[in-house]
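Taking it in order: structure first as structure tokens, then the write-up.
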Amino acid sequence: MRPISDQPSPESHKKKTAASDAKAAAAAADSLLGRKSSFSSLASALQPYFSLHNPRTWLVLAVISVQILILFMARSVPLPLSFPHARHHFPAPMTAARLPSSSSAAAAAASASPADPPSTDSDQCGSGKIYVYELPSFFNLEILKQCDNLNPWSSRCDALANQGFGQPAAGRLAGIVPEKLAPAWFWTDQFVSEMIFHNRILKHGCRTMEPKSAAAFYIPFYAGLAVGKYLWSNSSAKERDRHCGMMLRWVRDQEPYKRSNGWDHFITMGRITWDFRRSKDDDWGSSCIYMAGMRNMTRLLIERNPWDYFDVGVPYPTGFHPPVRDHVRGRPRPALFCFAGAKRGAIRNDFRGLLLSQCRNESDACRVVDCAGRGDSFTRRSIFDCMVAGSIPVFFWRRTAYYQYEWFLPGEPGSYSVFIDRREVENGASIRKVLERYSEEDVRRMRERVIEHIPKFVYALPEEGLGSVKDAFDVAIDGVLRRFKEQEEWGFKWR
């Protein structure tokens, strides 16, 4: 696992120039002199009618003076910021077609039809509306056009098809999964949340085309896809930072950002947070999160830094997108526990190897699914694959889930999962013995808790949705709007 990078130092405030200070002082002096002059004129006008030795005269003058001061203060309050008139159309959703070349993908994207304008429900939008920036296509669509070259091993065009859900998997799963569930399976890549969120938010019921009426501003930049191209090649720090740096220069020039300094802006970054936290040029990843302008933005990531308030963990996209959840009840589960994974021979004291060994030594109670999951961080997509299948997860690090996905998981960890400290396992504790302490009723209750939350773990197909039930996307958007509303109410913001 990669080490945690240091936190960025706060951005320094820009200093005002001496010339600006002088102008401000002159303006203040002129204003003060003007107010004194107005007061003197008023006293002269009233002198024939009131004696300055009469207490009532001073009372009247005091009241009038207060009214004059209020008038001048009202005139000094700045008018609301004006925005350029928004275009009255919705841009086409982003997608990559299943095509053999990037030029064909570009043609398919160009022919995509605009999203239907969503209908706004005033009750639904009680926490505010969302404005989606129309970024230059360089930051999203142009990246998709290069789907053949987004990693050094193979084309990613298939993985980015179907609005990010990938190609249907039903044909390859015949006889493996129930026939009625096969259409809900896709070859969904774990790093496509940027596309999924962009396509869904374009049709969100609380999307507005008027920035002045928005409480939240979404930046549809494909940060993970942009940097992923350079992570395993001999690339420079400048290449890995290029897209993010250009995006931030564009966003910081927009009026909504200037007004809030990014506090009401949010973005989806489709990789783990450590891929965007490079401290030194020779380190892994990009330095996007540490760049000027990112400090106050809320960032939706599949793995967050638990000590960064602006990082929000969202579920990994899984390959299963079921419209219902009844499929997991009543399924035969002959094994007490299961291990899905493979050894990491290059890692010293590989914990996966230890788990695999225990599972194989308890073959009458444990089933081994030999597969090599991608990545070496605290979280895994298999966390959500497990729960979507109705299984009770067993964790060995609290950071794997409890400190990651608070908006999506039950508040009581013991109500749906088992925690075994990894150090106990390393010291010889038997996983089987720990799990056998749970009664059948305990298991039934915990599994039911998992099943209740399945909708919050999956990203529904846009055409089908989950009806009145909210999926992972809905939960994330509701959480962002709630967070921004609370920030305004609590008033804790720095510049």
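Odds and ends about this structure:
- Every condition in (1) under 27 Å from PRO332 (Cβ atoms); (2) open to solvent by 20 Å² or more (accessible area, probe 1.4 Å) holds for GLY467 except the one numbered (1).
- Test for LYS485: is it surrounded by 15 or more Cβ atoms within 10 Å (Cβ to Cβ), basic (Lys, Arg), touching a helix residue (DSSP H, G or I) at 6+ places or on another chain (Cβ under 6 Å) and in contact (Cβ under 8 Å) with a residue 40 or more places away in the chain: no
- Looking across the range 328-363, the residues that are in a helix (DSSP H, G or I) and touching a Phe, Trp or Tyr at 6+ places or on another chain (Cβ under 9 Å) come down to PHE351, ARG352, LEU355, LEU356, GLN358, CYS359, ARG360.
- PRO323 meets the conditions (1) in contact (Cβ under 8 Å) with a residue 40 or more places away in the chain; (2) in a helix (DSSP H, G or I); (3) surrounded by fewer than 23 Cβ atoms within 10 Å (Cβ to Cβ) in every case but one. The failed one is (2).
- For PHE186, the test of being modelled with pLDDT of 90 or more and either among the aliphatic types (A, V, I, L, M) or open to solvent by 10 Å² or more (accessible area, probe 1.4 Å) (or both) is passed.
- Exactly one residue among LEU144, LEU181 is open to solvent by 10 Å² or more (accessible area, probe 1.4 Å) and in contact with a helix residue (DSSP H, G or I) (Cβ under 9 Å, 6 or more places away or on another chain), and that residue is LEU181.
- If the condition is being open to solvent by less than 50 Å² (accessible area, probe 1.4 Å) and of a type in the set (Phe, Trp, Tyr), then the range 390-419 contributes PHE395, PHE396, TYR402, TYR405, PHE408, TYR416.
- Unique residue being farther than 26 Å from TYR309 by Cβ, open to solvent by less than 40 Å² (accessible area, probe 1.4 Å), modelled with pLDDT under 95 and of a type outside the set (Val, Ile, Thr) when the list is LEU435, LEU461: LEU461
- Any hit, the range 355-362, residues being closer than 26 Å to ILE176 by Cα, more than 26 Å from the chain's Cα centre (by Cα) and among the basic types (Lys, Arg): yes
- Test result for LEU150, over 16 Å from SER213 (Cα atoms), modelled with pLDDT of 95 or more and open to solvent by less than 50 Å² (accessible area, probe 1.4 Å): no
- Members of the range 341-371 found to be buried (at least 18 other Cβ atoms within 10 Å of the Cβ) and over 19 Å from GLU436 (Cβ atoms), listed by number: GLY341, LEU356
- When ASN361 is tested against (1) free of Cβ contacts under 8 Å to residues at least 12 places away in the same chain; (2) in contact with an Asp or Glu (Cβ under 7 Å, 6 or more places away or on another chain), only condition (2) is not met.
- Which numbered condition ARG156 fails, given (1) in contact with a helix residue (DSSP H, G or I) (Cβ under 8 Å, 6 or more places away or on another chain); (2) over 21 Å from ARG381 (Cα atoms); (3) among the basic types (Lys, Arg): (2)
- Any hit, the range 292-299, residues being free of Cβ contacts under 8 Å to residues at least 60 places away in the same chain, at positive phi and touching a Leu at 6+ places or on another chain (Cβ under 6 Å): yes
- Set ARG374, ARG381, ARG444, ARG422: member being in contact (Cβ under 8 Å) with a residue 60 or more places away in the chain, over 25 Å from the mean Cα position of the chain (by Cα) and open to solvent by 30 Å² or more (accessible area, probe 1.4 Å): ARG422
- First in the range 154-171 and open to solvent by 60 Å² or more (accessible area, probe 1.4 Å), second anywhere and among the basic types (Lys, Arg) and at pLDDT below 90, Cβ under 7 Å, 6 or more apart: ASP158/ARG98
- Only one of the numbered conditions (1) under 19 Å from PHE378 (Cα atoms); (2) in a helix (DSSP H, G or I) is violated by PRO315, and that is (2).
The values are calculated or read from the model by the stated rules, or taken from the named source; none is laboratory data. Given the structure is predicted, the values throughout are model-derived calculations rather than measurements. In this analysis, Cβ positions are derived from the backbone assuming ideal geometry, glycine residues included, and neighbour counts consider all displayed protein chains. These area figures cover heavy atoms from the full protein model, side chains too; ligands, DNA and RNA do not enter into them. Shrake-Rupley method; radii C 1.70, N 1.55, O 1.52, S 1.80 Å.
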